[in-house]
1. Can you tell me how many residues in the range 1-19 are under 11 Å from Arg147 (Cα atoms) and touching a residue at least 60 places away in the same chain (Cβ under 8 Å)?
2. So, in the range 102-123, exactly how many residues are buried (at least 19 other Cβ atoms within 10 Å of the Cβ) and not hydrophobic (A, V, I, L, M, F, W, C)?
3. When residues of the range 12-71 are filtered for being of a type in the set (S, T, N, Q) and modelled with pLDDT under 95, how many remain?
Amino acid sequence: MISAVMGVDPGVNGGLAVLRLDGVVVHVRAFNDRMTREELSLAVRQGCEIVKSYDSREAYLEKVGYIAGDGGQGAFTFGRVYGGLEQALLAHGMAVRDVMPMAWQTRLECLTGGNKNVSKRVAQRFFPDMKITHAVADALLIAEYGRRRIAPSGR
């Protein structure tokens, strides 16, 4: 039985979050543009180990693409990070579920239009006891989306 879920915002300044199916946040990790590959790999491994400690393997990865205006280098960096995260999750035995931004944002009633303040505000409402940052807001909401798909009677 699935008892925890991970949400991953694959942006260079994204993050990952692990929720139990009762909605309790058990792990949050922000990414940043100064992280080495080794640090990013360690962050993913830790998240996967936590999910597996709950006898689960569910990971929801936001499926996003090139953002106009990022330029060639920005697109390349994003693609490298996204692919690395996806492969790291798979290598750790996670069941990777791709989720489009429109899907999780619609389900959680937080259509952002690219405005991270919208998702930060909604995440703060769902997780009032946490200090929400832009880096982890989407990861928490993606995990919440996954949790609701698995345990639809929640929240």
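The values are calculated or read from the model by the stated rules, or taken from the named source; none is laboratory data. The shown structure was predicted, so the numbers you read here are calculated from the model rather than taken from an experiment. Reconstructed Cβ throughout: ideal geometry from the backbone, glycine too, with neighbour counts over all protein chains shown.
1. Kept after step one, since they are under 11 Å from Arg147 (Cα atoms), are these residues of the range 1-19: 2-7, 18-19.
Pick out the ones that are also touching a residue at least 60 places away in the same chain (Cβ under 8 Å) and you get 2, 5-7, 18-19.
Qualifying residue count for the region: 6.
2. Counting residues in the range 102-123 that are buried (at least 19 other Cβ atoms within 10 Å of the Cβ) and not hydrophobic (A, V, I, L, M, F, W, C) gives 3.
3. The qualifying residues number 4.
Every residue, every condition in (1) within 14 Å of His27 (Cα to Cα); (2) surrounded by 14 or more Cβ atoms within 10 Å (Cβ to Cβ); (3) aliphatic (A, V, I, L, M), yes or no:
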| site | (1), (2), (3) |
| --- | --- |
| Arg125 | no, no, no |
| Met130 | yes, yes, yes |
| Ile142 | yes, yes, yes |
| Arg148 | no, yes, no |
